[in-house]
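For reference, the structure is listed below as C-alpha cells.
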Amino acid sequence: MDVKRARVIVVEDEKIMSTFILGNLRRLGILDLYAFQDGAAALREIATLKPDLILTDVHMQPMGGIAFVRNLRASANSQIANTPVIFLSADSSAATVGEALPLGVAGYIVKPPSLAALDAKIELALNGPKGSK
C-alpha cells in the first residue's frame, strides 16, 4: 500500500503530543488523518472511517490504548478487528510493553517518536518487511 494514501487514526489524549504526531505524519505525506482523545471516542468512529492504520497512546482516560485494542480485536467485523495498530507511549516499562505486544500490534514506539521511527514502523505495518510482497 502507498503509505501516503493511508487513512490513519491517531488516539492521543495530550493535545501537544497529538499535534506533534499529526504534524510528523503530514511530513511523511500522510494526509487522510483523524484524531481522537481516547479509545472510546475512536471506537465509536472506527466502522465509519475504516482506517488502514491506528496509532494509539497506552495511558488515556476513560479508555486507554490496551482496552481500546482489545475491543478492536474483539470486533465481529474482521476488517476492523485486523486493523494494524502501533502503540505510542512514554511508558517503556517491561510490564506495559509486555501487556501491549500480545495484542497483535505492529509496533511499539516510545514517545516522542522520531520521524524515522514513525516512517519505518508505518511502512512495516502497512506493507510488511521489505521483500515480503
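Only the coordinates and a few stated rules stand behind these numbers; no lab work does. Note that the structure is a prediction, hence the values are computed from the model and not measured. Cβ sites come from the backbone with ideal geometry, for glycine too, and all protein chains shown count toward neighbours.
Packing-based ranking of 16-24, 51-59 yields 51-59, 16-24, ordered from highest to lowest mean Cβ neighbour count within 10 Å.
Its relative contact order, with pairs defined as Cα atoms under 8 Å and 6+ residues apart, puts segment 3-127 at 24 percent.
Per-residue ellipticity at 222 nm from helix content only, as computed over the chain with -39500 (n - 2.57) for each DSSP H run of at least four residues, stands at -12500 deg cm²/dmol. Ordering 25-33, 61-69 by mean Cβ neighbour count within 10 Å, with the highest value first, yields 61-69, 25-33. The shape of segment 3-127 can be summarised by an equivalent ellipsoid whose semi-axes, obtained from the alpha carbon gyration tensor, come to 18, 17, 14 Å from longest to shortest. As a proxy for reagent exposure, ranking Ser89, Ser75, Ser114 by other Cβ atoms within 10 Å from fewest up yields Ser114, Ser75, Ser89. Debye-formula intensities of segment 1-63, expressed as log10 I(q)/I(0) at q = 0.15, 0.19 Å⁻¹, are -0.42, -0.66 (one equal scatterer per alpha-carbon, no solvent).
Which shape class applies to segment 73-133: rounded if a/c is under 1.5, otherwise prolate when a/b exceeds b/c and oblate if not, where a ≥ b ≥ c are the square roots of the Cα gyration tensor eigenvalues? Oblate, since a/c reaches 1.5 and b/c is not below a/b.
Can you give me the C-alpha center-to-center distance between segment 35-79 and segment 84-120, rounded to a whole angstrom? Each part's Cα centre sits 15 Å from the other's. Ignoring aspartates and glutamates fewer than eight residues from Lys15 along the same chain, the ones with Cα atoms less than 20 angstrom from its Cα are Asp32, Asp38, Glu45, Asp57, Asp91.
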